[in-house]
């Protein structure tokens, strides 16, 4: 059990498309630092998207950032540095794209968002994080 195969579905490179083909749906956007400053959430603001963001926040973020997004989650309390307060002015002043980019790069403990959370779910989490504005 010490050595097991590991799958990282959202970090796998897609094969090159044959010439003269046209994609009909989907895309995986990778944000650069400059793009993240300009980017807004591509999902429409709705109760459903915000609710889904709350559900995914509970799965992936709550244990470190806490139920109120204040960085006082049961696991996060043991981290140095402490997880970011998601309702702080430092976070609320960021664009949606900057929040999205920080979820993928993070500080301290390595975030797993890019490997475990689909892009649409990430944007829904960003939408929910906006509810923590203090």
| field | Geometric extent, Cα atoms of segment 33-132 - Rg, Dmax (angstrom) | value | 12.5, 36
| Likely footprinting exposure, 103, 63, 14, fewest C-beta neighbours within 10 Å first | 14, 63, 103
| query | Using a basic spin-label model with each label point 7 Å from the Cα along Cα→Cβ, how many nm lie between residue 82 and residue 118? | reply | 3.6
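No lab work stands behind these numbers, since they all come straight from the coordinates. No experiment lies behind these values; they were computed from the predicted model shown. Cβ: placed from backbone, ideal geometry, glycine included. Neighbour counts: every protein chain shown.
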